[in-house]
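Enquirer: Here you go, one structure.
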Amino acid sequence: MHKSSYILLILNAILLISCANDFNRIRNSDSRIAISHIEKIRQEGYTAKESRGWNFSTKDSSGKSLHFSEAVFDKESGKMIASRKLTEIVVTSRSSNISERDGLINIDFVIKVPKELISDRLQLTIVPIITEGINYKDLEKILISGKQFKYLQIRGYRKFENYLKSIIPDDADYFTIYTELNNLTIFLQRHLPESRMLDGSFDDSLTTENGIKEREILDHYVKKWLVDRNEEKKAKRETMYRKYVKVPISNSARLDSVVPKGESFEFYYKQQLPAQRNSKKIRLFTKYSLTDAYGMVSNLGCSDTLSYSISSLTAFIDTSSVYTKRVVSRRDTRSFISRIKFKPGDYRLIDTIFDNTQEIQNINSFANLILCDTTILPEKLVITASGSPEGSLLLNKRLSLSRGKSIADYLFKISNGKISKQNIVIKDLAEDWESLWSSVCNDSLLINKEKILSCFSNNDLDLRERAIKQIKPDYTELLFRHFPNLRKATIQFSVIKKQMTKDTIHTKEIDTLYMRGVEYLKSKDYKNASKILFFYRDRNAALALLSEGNPIAAEGILRELITKKEDATSYYMLSMIKSRKGEEEEAVRLYKYSTELDRSFIYRGYLDPEIYPLIQKYNLNKELFD
Amino acid sequence: MKIRLIILIVLIQTLLPFSKIKADSKLGVGLNLAGLAIGNVNLEGAIPLSRHLSLHLPLSWNPIRISDKVSFRHFAFQPGVRYWPWHVQSGYFVSINYLFIKYNTTWNKLRHQGSGNGISFSGGYSFMLSKRFNLDIETGIGALLTKYDSYESNRCGEYLGSYTKTFIAPLKFKISIIYIL
């Protein structure tokens, strides 16, 4: 082994022993990481003064011990009693209240690392962990590195970087890097001057006077050892990374800082979390571990636990059931489209031609359905007969009117007087150009579709028909596929529902849509909740809008609600909106009014960040503490 | 002497048909710089015989009498055949050489005059400097059988005797510039 290798081995051994010593020292120390809520120190008039009390002991002539110390006079007992002044103590709370807004919770806490846990040769990893019921979530970790640890970590990266630099990149010029280019060039000049190999163009038919091909020449002058070495280096990248970088620099750490040995460290940690459904309490603790420069990890345990009680606007959800309201019109219409056919130029209803038998049966069925329904009363019958464009408009108009009349007569006949002739209206739509336009637009088989559609600009319907007739072969297609569909009669009954006194009815069915909106609200999906609940314009709707971050719309709804009925919750929510807007006086007034209506809002006010500052600032609820 | 010349001509005549020398074969002419440094006038003909073989015909002549005590006067002819693993006039090679030398050398108090025949094995490397120039470095060892007369080194020095000796010695050292025709 080389002399320098021995020296390196000895140095590494020394470093390892030092690290092991540090591990043991820290593991055996009583120091622990502490976490606490952000301190809000109140000056209540008591200050602990630093005072050096005096006391001493001696022995009298008989050898008896005598103790002297500072004493004060106790008025109650009338005696002098020993007095000892204590240094200041800090009382910290383990739990805190936080509020959830817009589906998010903001937590903040302080991590205090005592100086005993910081070593030059080690890295301290602190992972805050949130627990919510049975769910655990690791927050971004904090890394506190010693100077020597950081130096070794960076040195490892530098070594790996140098290794990567020694790899020839794939886009390097092949001939320059991997071949004896000078020899290759001269050889080609001497023996194969016509070769274009160096320009990247190979020609296997080219050979030297001794029968050597281009590829063979290239193979001879390629530095195979260099190609092989480079491939080997590429293949060993991962291995070399693991060799050089024992502790990778973390990208996911909130902080990776070097702290000198002998200094304590405090970090103010702030985290925003999405609020989970029904989350009322979350707990937080940290686990921490030590890592040396060789990647050896020693877990040191966990810190104390902090707890957060979450106050959410979802407490204001009105969970009472809502029933479906249905608006039912007293008047209704029932329609049927009949494809009954007539002989050309004829308007008489003949059941024996084409498939009219079936069509007439269909008309009978439809008419019976209405005329035999005892809950409705037929009020009016409208028959709209339409035809196809072939032939003159005047003729078509007359024909469609007559055909409509034939159907009306038939329906009157089968109604047995349930509908009077005066209530039958016949409309003629001589040529149904509108339907033709739609069907042509949707037909992809027509060759001259654009041309046909351009004819529709002609307002003279007869001229329009003639122009379309000229477009062949599409006109034939129209004649056989489109025109038959235009020949129809629409039968529409207007009916009145009997025994119906009002148009809006309240059913006993639970409004599932509304309840789904409430579920969204409970699960803090405010966007979907507000989409559904907005139209109901109730307290839940206002709550969804307020939580979604739309206070203006929420305020509108709440104003509507309090005009209908005085409700403490609505006043309280309005107070929150006003506070957010900065209208403090109005907010205070509304809050006071809500507490008058419902005293529980006095206590609720302490949980909401919109109201609590107002209570503090205006000294509201002082009667509670008097 | 005549017999040796005849042998050489016959050897060349015999090898040439085997070499399949083509019209565009790169014949070379070389100059040994190492020999020139000690006053040897020299010239070498290099004839490629195939992809891997070449024939080399170097001549060396030194007529200079440096002083009464030092001179390397000689005439030498050392034809040889080289084997090139890759290609003639490029890269490594090994060769086998015949040596004929006629000499009259003086060193200090003795002058030796005679002739010798030898055979040597050598190896070297040919650097391609440009399309037309190569730099050959070659060294080799061999056996030399020589017959010579020894005299005192002063002018018309006394005859001391005739000797026949065989040497194993480095018979080849060349740093040559080759011009490729």
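Enquirer: Looking only at the range B:60-100, which residues have a backbone nitrogen under 16 Å from a spot 7 Å from the Cα of A:TRP225 in the C-beta direction?
Expert: B:92
Enquirer: Hey, what angle do you get for helix A:393-415 against the long axis of chain A, alpha-carbon based, 0 to 90 degrees rounded to 10?
Expert: That works out to roughly 90 degrees.
Enquirer: Give the average over all directions of the projected area of the C-alpha convex hull of the range A:268-417, one decimal, in nm². Mind showing how you got there, number by number?
Expert: On the way: hull surface 102.7 nm².
Projected over every direction and averaged, the Cα hull of the range A:268-417 covers 25.7 nm².
Enquirer: Averaging sequence separations of C-alpha pairs under 8 Å and six or more residues apart, then dividing by the length of the range B:116-170, give the relative contact order as a whole percent. Can you show the working numbers first?
Expert: Details: 93 pairs, mean separation 17.8, N = 55.
About 32 percent, as a whole number.
Enquirer: So if I take the alpha carbon set of the range A:189-299, get Rg, then get Rh from the Kirkwood formula, what is the Rg over Rh ratio?
Expert: Working: Rg = 30.8 Å, Rh = 21.9 Å.
Computed over Cα atoms, the ratio is 1.41.
Enquirer: OK, next. Once you put a point 7 Å from the Cα of A:GLU566 and another 7 Å from the Cα of A:SER62, both along the Cβ direction, what distance in nm separates them?
Expert: Reported label-point gap for A:GLU566 and A:SER62 is 8.3 nm.
Enquirer: Please give, to one decimal in nm, the separation of the simple spin-label points placed at A:ARG331 and A:GLU70, each 7 Å out from Cα toward the Cβ.
Expert: 9.8 nm
Enquirer: Divide the volume of the convex hull of the Cα atoms of the range A:344-469 by its number of residues and quote the answer in cubic angstrom per residue.
Expert: Working: hull volume 18.6 nm³, N = 126.
Enclosed volume per residue, from the Cα hull, is 147 Å³.
Enquirer: Treat the range A:478-626 as a sphere of radius equal to its Kirkwood radius over Cα pairs and apply Stokes-Einstein at 37 °C in a medium of 0.692 mPa s; give the translational diffusion coefficient in µm²/s, rounded to a whole number.
Expert: Numbers: Rh = 18.9 Å.
Translational diffusion coefficient: 174 µm²/s.
Enquirer: Now for a different question. Looking only at the range A:383-427, which residues have a backbone nitrogen under 11 Å from a spot 7 Å from the Cα of A:LEU461 in the C-beta direction?
Expert: Residues A:386-401 qualify, since their backbone N sits under 11 Å from the label point.
Enquirer: Sticking with this one: Say R0 is 56 Å: what FRET efficiency, to the nearest 0.05, do B:LEU33 and B:ASN154 get from their beta-carbon distance?
Expert: 0.95
Enquirer: Please state the shape class of the range A:411-560: rounded when a/c is under 1.5, otherwise prolate if a/b exceeds b/c and oblate if not, all from the C-alpha gyration tensor. Kindly include the intermediate steps, with their values, before the conclusion.
Expert: Values: a/c = 3.71, a/b = 1.73, b/c = 2.14.
It is oblate, given that a/c is not under 1.5 and a/b is not larger than b/c.
Enquirer: So if I place +1 on the C-beta of Lys and Arg and -1 on the C-beta of Asp and Glu, and nothing else carries charge, what would the dipole magnitude of the range A:338-470 be about its Cα centre? I want it in debye, nearest 20. Walk me through the numbers on the way to the answer.
Expert: Working: 18 positive and 17 negative charges, 69 e Å.
Charge dipole of the range A:338-470: 340 debye, to the nearest 20.
Enquirer: Could you work out the equivalent-ellipsoid semi-axes for the range B:82-181, taking the square root of 5 times each eigenvalue of the Cα gyration tensor, largest first, in whole Å? Spell out each step's value before the answer.
Expert: Values: eigenvalues 264, 46, 16 Å².
Calculated on Cα positions only, the semi-axes equal 36, 15, 9 Å.
Enquirer: Please state the relative contact order of the range A:427-560 as a whole percent: Cα pairs under 8 Å, 6+ residues apart?
Expert: Numbers: 87 pairs, mean separation 17.4, N = 134.
After rounding, I find 13 percent.
Enquirer: Just need the relative contact order of chain A here, percent rounded to a whole number, with Cα pairs under 8 Å and 6+ apart. The partial results should precede the final answer.
Expert: Numbers: 912 pairs, mean separation 87.2, N = 626.
Relative contact order, chain A: 14 percent.
Enquirer: Work out, in µm²/s and without decimals, the Stokes-Einstein translational diffusion coefficient of chain B at 4 °C, 1.567 mPa s, Rh from Kirkwood over C-alpha pairs. Could you put the intermediate results ahead of the total?
Expert: On the way: Rh = 17.5 Å.
For the chosen part, D equals 74 µm²/s.
Enquirer: Same structure again: Nearest 10 degrees, 0 to 90: what angle lies between the long axis of helix A:356-371 and the longest principal axis of chain A (Cα atoms)?
Expert: Helix A:356-371 and the main axis of chain A meet at about 70 degrees.
Enquirer: In nm, give the distance between the simple-model label positions of A:GLU209 and A:ASN362, each being 7 Å from the Cα along the Cα-to-Cβ direction.
Expert: For the pair A:GLU209/A:ASN362, the computed spacing is 9.8 nm.
Enquirer: Another one. Rounded, prolate or oblate, given the Cα gyration tensor of the range A:538-597, with a/c below 1.5 counting as rounded? Write down the numbers at each step before the final one.
Expert: Working: a/c = 1.98, a/b = 1.12, b/c = 1.77.
It is oblate, given that a/c is not under 1.5 and a/b is not larger than b/c.
Enquirer: Right, next: What shape does the range A:162-231 have by the C-alpha gyration tensor, where a ≥ b ≥ c are the square roots of the eigenvalues, rounded means a/c under 1.5, and otherwise prolate means a/b greater than b/c and oblate the rest?
Expert: Working: a/c = 2.65, a/b = 2.42, b/c = 1.09.
Prolate, since a/c reaches 1.5 and a/b exceeds b/c.
Enquirer: Quick one: Karplus J couplings for the range B:27-42, per residue in order, coefficients 6.51, -1.76, 1.60, θ = phi - 60°, nearest Hz, x for Gly and Pro?
Expert: 6, x, 10, x, 9, 7, 6, 5, x, 4, 5, 9, x, 7, 7, 9
Enquirer: At 0.36 nm per residue, minus the direct Cα-Cα distance, what do A:LEU393 and A:GLU583 gain on full extension? Give it in nm, one decimal, please. Each step should come with its number before you reach the end.
Expert: Values: separation 190, 0.36 × 190 = 68.40 nm, distance 7.16 nm.
Gain on stretching A:LEU393 to A:GLU583: 61.2 nm.
Enquirer: Among B:ALA46, A:SER335, A:LEU574, whose Cα projects farthest towards the positive end of the dipole of the protein assembly as shown, with charges put on the beta-carbon of Lys, Arg (+1) and Asp, Glu (-1)?
Expert: Comparing the listed Cα positions along the dipole, B:ALA46 ranks first.
Enquirer: Moving on to the next point. Report, in degrees rounded to the nearest 10, the 0 to 90 angle that the Cα long axis of helix A:551-564 makes with the longest principal axis of chain A.
Expert: 70 degrees
Enquirer: Another question, then. What FRET efficiency comes out for the pair A:ARG158/A:MET296, r = Cβ-Cβ distance, R0 = 30 Å, nearest 0.05?
Expert: Values: r = 22 Å, r/R0 = 0.72.
FRET efficiency, A:ARG158 to A:MET296: 0.90.
Enquirer: From largest to smallest, what semi-axes in whole angstrom does the range A:406-458 give when each is the square root of 5 times an eigenvalue of its alpha carbon gyration tensor?
Expert: Values: eigenvalues 316, 28, 10 Å².
Taking √(5λ) for each Cα gyration eigenvalue gives 40, 12, 7 Å.
Enquirer: Using 0.36 nm times the number of residues separating A:GLU596 and A:ASN442, minus their current alpha carbon distance, what extension gain do you get? Display every interim value, and only then the final one.
Expert: Working: separation 154, 0.36 × 154 = 55.44 nm, distance 6.73 nm.
Here the segment from A:GLU596 to A:ASN442 would lengthen by 48.7 nm.
Enquirer: Using helices alone, what [θ] at 222 nm do you get for chain A, with -39,500 (n - 2.57) per DSSP H run of 4 or more residues, divided over all residues and rounded to the nearest 500? Let's see the in-between values first.
Expert: Details: 22 runs with 244 residues, N = 626.
Mean residue ellipticity at 222 nm (helix-derived): -12000 deg cm²/dmol.
Enquirer: If you take all C-alpha pairs in chain A, what percent of them are over 37 Å apart?
Expert: Numbers: 141053 of 195625 pairs.
Cα-Cα pairs of chain A separated by over 37 Å account for 72 percent.
Enquirer: Could you work out Rg/(2.2 N^0.38 Å) for the range A:298-366, with Rg from alpha carbons only?
Expert: Numbers: Rg = 35.8 Å, N = 69, 2.2 N^0.38 = 11.0 Å.
It is 3.25.
Laboratory data are not the source of any read-out in this text; all were calculated from the coordinates shown. These figures come from a predicted structure and were not determined experimentally. Cβ: placed from backbone, ideal geometry, glycine included. Neighbour counts: every protein chain shown.
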